[in-house]
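**Student:** Submitted below is the structure of interest, expressed as structure tokens.
The values are calculated or read from the model by the stated rules, or taken from the named source; none is laboratory data. Everything numeric in this text was worked out from a predicted model, so none of it was measured. Glycine also receives a Cβ, built like all others from the backbone with ideal geometry; neighbour counts cover every protein chain displayed.
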Ligand SMILES: Cc1ncc(COP(=O)(O)O)c(C=O)c1O
């Protein structure tokens, strides 16, 4: 089909309809792999280097040797976005253990599979963003930091999906998950922040949440704007009684949450600090100094 998006698979660019990998790939059979999502806005891949650094850290944590240098990976992502001609895109970068046999032993996999998909994504509509999302507190806990840890951006997202199903079942937009101790951890694909008495709080790395790249930039942005930002354990009650709640992630950016587990947050509308951050963050996207310029 002409005009189809082109997908990179192990050095080849193939049209989307023909982009296939083996059923013996351990990414498919066992979720044995790592990934990243990168947003391209007005020709700039936001924080591409940071995403590639995190990809290689995730790979290191699971003893997966990515068969190219970080520099080559960045260049390859840039080339694939260029080949697709999209100035605004959502890039999915996946590295799996590769093709093996039906046993789970990674030693049977000769070579990792590298896939780069360039597409579009829209998680929430304008209305949800302007009114704020509704969220539940999921009964599904995040995995422990010494188990299938979520600090590694791996292909094990069933924990997140189970929480999302719970949200879907009651018509909520998102699920906020607790860590194994019962403190607030993160959303299903986003980090969590609360605001109380003008101070911004977010769970620390020790909660086991993914060290979000948007989270890090938003924390710095908030400080640049003069707000105090504190990483600390957040109890469910602190979440429910916050003045403002918002989520951060690559696909979603900054998203206000105005109801959690049936409790109205603040006055039920996106709060002033959330709105200020959303406005300022939007200006960072597309800024060449915040990423890698592709076009
Ligand atoms: C579980 C989880 N937490 C947080 C995030 C946000 O991270 P980032 O801002 O790097 O996209 C993601 C994004 O994919 C995620 O999957």
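**Student:** Just a yes or no: is a residue in the range 223-244 modelled with pLDDT under 95, surrounded by 14 or more Cβ atoms within 10 Å (Cβ to Cβ), under 23 Å from residue 160 (Cβ atoms) and within 16 Å of the ligand (Cβ to nearest atom)?
**Tutor:** Pass one, the range 223-244, residues modelled with pLDDT under 95: none.
Scanning the range 223-244 turns up no residue that is modelled with pLDDT under 95, surrounded by 14 or more Cβ atoms within 10 Å (Cβ to Cβ), under 23 Å from residue 160 (Cβ atoms) and within 16 Å of the ligand (Cβ to nearest atom).
**Student:** Is one or more of the residues making up the range 287-295 over 15 Å from residue 176 (Cα atoms) and over 22 Å from the mean Cα position of the chain (by Cα)? Break it down into steps so the answer makes sense when it comes.
**Tutor:** Narrowing the range 287-295 to residues over 15 Å from residue 176 (Cα atoms): 287-295.
Cutting the leftovers down to over 22 Å from the mean Cα position of the chain (by Cα) gives us 295.
Yes, there is a match, as at least one residue in the range 287-295 is over 15 Å from residue 176 (Cα atoms) and over 22 Å from the mean Cα position of the chain (by Cα).
**Student:** Right, residue 140: crowded, with 18+ Cβ neighbours inside 10 Å, assigned to a loop (DSSP other than H, G, I, E, B), assigned by TED's automatic domain parsing to the domain that holds residue 233 and in contact with a helix residue (DSSP H, G or I) (Cβ under 7 Å, 6 or more places away or on another chain) or not?
**Tutor:** Numbers: crowded, with 18+ Cβ neighbours inside 10 Å: yes; assigned to a loop (DSSP other than H, G, I, E, B): yes; assigned by TED's automatic domain parsing to the domain that holds residue 233: yes; in contact with a helix residue (DSSP H, G or I) (Cβ under 7 Å, 6 or more places away or on another chain): yes.
Judged against the criteria, residue 140 is a match.
**Student:** Next up: Residue pairs, Cβ under 7 Å, 6 or more apart or interchain, first in the range 273-295 and part of a strand (DSSP E or B), second surrounded by fewer than 16 Cβ atoms within 10 Å (Cβ to Cβ). List them.
**Tutor:** 292/49
**Student:** Condition first: under 19 Å from the mean Cα position of the chain (by Cα), surrounded by 20 or more Cβ atoms within 10 Å (Cβ to Cβ) and under 20 Å from residue 269 (Cβ atoms). Can you find one or more residues in the range 157-169 that meet it?
**Tutor:** No - not one qualifying residue is present in the range 157-169.
**Student:** For residue 259, state whether it is away from the ligand (no atom under 15 Å from the Cβ) and in contact (Cβ under 8 Å) with a residue 60 or more places away in the chain.
**Tutor:** On the way: away from the ligand (no atom under 15 Å from the Cβ): yes; in contact (Cβ under 8 Å) with a residue 60 or more places away in the chain: yes.
The answer is yes for residue 259.
**Student:** Okay, next question. When only residues in the range 182-199 that are away from the ligand (no atom under 16 Å from the Cβ) and more than 11 Å from residue 245 (Cβ to Cβ) count, which is surrounded by the fewest Cβ atoms within 10 Å (Cβ to Cβ)? Outline the logic, then answer.
**Tutor:** Initial filter on the range 182-199 (away from the ligand (no atom under 16 Å from the Cβ)): 182, 195-199.
Right, trim to more than 11 Å from residue 245 (Cβ to Cβ) and you get 182, 197-199.
Details: 182: 11, 197: 7, 198: 11, 199: 15.
Step by step, filter the range 182-199, then rank; the result is 197.
**Student:** Here are some conditions: (1) surrounded by fewer than 20 Cβ atoms within 10 Å (Cβ to Cβ); (2) within 26 Å of residue 63 (Cα to Cα); (3) within 10 Å of the ligand (Cβ to nearest atom). Residue 206 meets all but one. Which one does it not meet?
**Tutor:** Every listed condition holds for residue 206 apart from (3).
Rundown of residues vs (1) touching a strand residue (DSSP E or B) at 6+ places or on another chain (Cβ under 9 Å); (2) closer than 15 Å to residue 80 by Cβ; (3) within 16 Å of the ligand (Cβ to nearest atom), yes/no style:
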{"residue": "5", "(1), (2), (3)": "yes, yes, no"}
{"residue": "10", "(1), (2), (3)": "yes, yes, no"}
{"residue": "15", "(1), (2), (3)": "yes, yes, no"}
{"residue": "21", "(1), (2), (3)": "yes, no, no"}
{"residue": "28", "(1), (2), (3)": "yes, no, no"}
{"residue": "31", "(1), (2), (3)": "yes, no, yes"}
{"residue": "34", "(1), (2), (3)": "yes, no, yes"}
{"residue": "38", "(1), (2), (3)": "yes, yes, yes"}
{"residue": "53", "(1), (2), (3)": "no, no, yes"}
